[in-house]
Amino acid sequence: MSVRARLRATVPAPLPPTQAGPPEITGPPGRRLLVQRSDDAIVAQPLDDAFAARAGAIVRFPAPWPRRRGTWEVAPDATLAVFAGVHAVRAVDPSGATRWEVRHGCWSGGCEEIHESYASYADRRDHRYPESGSVGFSADGRLVWAHVRGPLPEGELSPDTADEWLVIDAEDGRVLARADAEAVAAGSAHLPHPTDPAQMALSIGEGQDGAPLRWGRWDGKELTVDCLDDDLCLLSLSPSGERLMTVSHDQDALAVRDSRGAVVESLDWDAGAAIPRHPEAPADEDELPVCWDWAGGFLDETTLIASTTESDEDHGQYRHWLVDTTASHGFVPVDYPAPVSCEPTALGGGFWSTLSPSRDVVHVWSADGPED
């Protein structure tokens, strides 16, 4: 049995792929944005409930540095973009004006400088391939959470602190709290609690060394950080924020966890046991490596979209999987009208997206019922 995927919308990218990275849909239902980053700017276009672009509503945020030099995030109301760069976190409004900036330690290798500007290292060969942190807006858009390389110009938390986690006032850039992230990152991603602005998840990648997962709570005075695990990639939070979808660092285990990081009873799947043999795999190959992608997420409180494209690519068609955590239907493949060429991105509200092979169009899907 499989589940048919129904195409619900086709959303063209505002910028051509020769000039920008792939487009992505961000934000929860009711506040969705189509976002695309070029070297010069972030382009954000509000979408309606049917994923159609609102006419004349494109917002452009001029970028302070090229897109390969960091990450970025657009506020839920598209009034502000925050760039997490090599030396600073900078908030920019649509006019290109800097609303605020928080400088921090350098993300490039062993550099210990506190740079004054991007220009001070833009042409340095030893800064061509920096590591990076990330930023995330709280659910109400009033806070920016930033994962940075320490220290800040104001000083170190302690000599042993490498990465810091900051809570910043989105309006004026005041650093409200700092904490040791207890990591040395190559990259990271923020996942905001869907309903509680005081909570944020941080999924950190340390290359081959691990994948620390952190959970932060800001009570208005103090930032508390819980270290949920050091070997998990967090992919998604459920609409309630009470469940987490994770894949292990070595990609062999997919699980649903509670907010303390504990696996919800029976909701964990070993790749070798759960993933059926690829139908196009040679019959004479007995042992085929299989793994979960670091992709997918919650479609609603009880349904996940997951994929196995990395281990499928040697055999043929990429496979995506719909997972019903109520066990009504269990684990079933998604049947698309045409082959897909990438991992899925969960959008919530029962929807997920994929990119066209040319990476200039976003396709939005929903499940259209089982078929034999």
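So, of the residues in segment 213-256 that are assigned to a strand (DSSP E or B) and more than 27 Å from Cys291 (Cβ to Cβ), which turns out to be nearest to the chain's Cα centre (by Cα)?
Ranking the candidates gives Gly216 first.
Suppose the filter is more than 27 Å from Val334 (Cβ to Cβ), crowded, with 20+ Cβ neighbours inside 10 Å and among the aliphatic types (A, V, I, L, M); does Leu232 pass it?
Spelling it out, it is not the case that Leu232 is more than 27 Å from Val334 (Cβ to Cβ), crowded, with 20+ Cβ neighbours inside 10 Å and among the aliphatic types (A, V, I, L, M).
If you go through segment 20-77 one residue at a time, how many are open to solvent by less than 10 Å² (accessible area, probe 1.4 Å), assigned to a loop (DSSP other than H, G, I, E, B) and under 14 Å from Pro94 (Cα atoms)?
1
Write out, first by first residue and then by second, each pair whose Cβ atoms fall under 9 Å of each other, whose residues are 6+ apart or on separate chains, and whose first residue, in segment 187-208, is open to solvent by 20 Å² or more (accessible area, probe 1.4 Å) while the second is acidic (Asp, Glu) and assigned to a strand (DSSP E or B).
Ser188/Asp163; His190/Glu73
Yes or no: segment 295-306 includes at least one residue that is open to solvent by less than 20 Å² (accessible area, probe 1.4 Å) and more than 24 Å from His193 (Cβ to Cβ).
For segment 295-306, residues open to solvent by less than 20 Å² (accessible area, probe 1.4 Å) and more than 24 Å from His193 (Cβ to Cβ): absent.
Can you tell me which condition Thr10 does not meet? The list is (1) part of a loop (DSSP other than H, G, I, E, B); (2) surrounded by fewer than 17 Cβ atoms within 10 Å (Cβ to Cβ), and all the others hold.
(1)
Per-residue answers, yes or no, for (1) under 16 Å from Val135 (Cα atoms); (2) within 16 Å of the chain's Cα centre (by Cα); (3) at pLDDT 95 or above:
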position: Pro16; (1), (2), (3): no, no, no
position: Ile25; (1), (2), (3): no, yes, yes
position: Ser38; (1), (2), (3): no, no, yes
position: Gln45; (1), (2), (3): no, no, yes
position: Pro66; (1), (2), (3): no, no, yes
position: Pro94; (1), (2), (3): no, no, yes
position: Ala97; (1), (2), (3): no, no, yes
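In segment 328-349, how many residues are in contact with a strand residue (DSSP E or B) (Cβ under 8 Å, 6 or more places away or on another chain) and in contact (Cβ under 8 Å) with a residue 40 or more places away in the chain?
14
Do you know which residues across segment 307-318 are in a loop (DSSP other than H, G, I, E, B) and either small (Gly, Ala, Ser) or buried (at least 20 other Cβ atoms within 10 Å of the Cβ) (or both)?
Within segment 307-318, Thr308, Gly316, Tyr318 meet the criteria.
Only one residue in Ser203, Ser188 is in contact with a Cys (Cβ under 9 Å, 6 or more places away or on another chain), closer than 21 Å to Gly150 by Cα and assigned to a strand (DSSP E or B). Which one?
Ser203
Filter segment 158-170 for residues that are in contact (Cβ under 8 Å) with a residue 60 or more places away in the chain and either assigned to a strand (DSSP E or B) or not small (Gly, Ala, Ser) (or both) and give the result.
The answer is Glu164, Trp165, Leu166, Ile168.
Among the strands (runs of 3 or more DSSP E) confined wholly to segment 322-372, which include 1 or more residues that are open to solvent by 60 Å² or more (accessible area, probe 1.4 Å)?
Correct list: 331-335, 345-348, 361-371.
Collect the residues in segment 109-164 that are farther than 13 Å from Val89 by Cα and of a type in the set (Lys, Arg), keeping them in residue-number order.
Arg124, Arg125, Arg128, Arg142
Condition first: crowded, with 23+ Cβ neighbours inside 10 Å and either in a helix (DSSP H, G or I) or among the β-branched types (Val, Ile, Thr) (or both). Now tell me which residues in segment 118-149 satisfy that.
Val135, Val144, Val148
Which condition number in (1) outside any strand (DSSP E or B); (2) open to solvent by 60 Å² or more (accessible area, probe 1.4 Å); (3) closer than 22 Å to Ala346 by Cα is the one that Glu285 fails?
Answer for Glu285: the failing condition is (3).
The values are calculated or read from the model by the stated rules, or taken from the named source; none is laboratory data. Every value quoted in this text rests on a predicted model; they were computed, and no experiment measured them. Every residue, glycine among them, receives a Cβ derived from its backbone with ideal geometry; neighbour counts consider all protein chains shown. Only protein heavy atoms, including side chains, enter the accessible area calculation; ligands, DNA and RNA are left aside. Shrake-Rupley method; radii C 1.70, N 1.55, O 1.52, S 1.80 Å.
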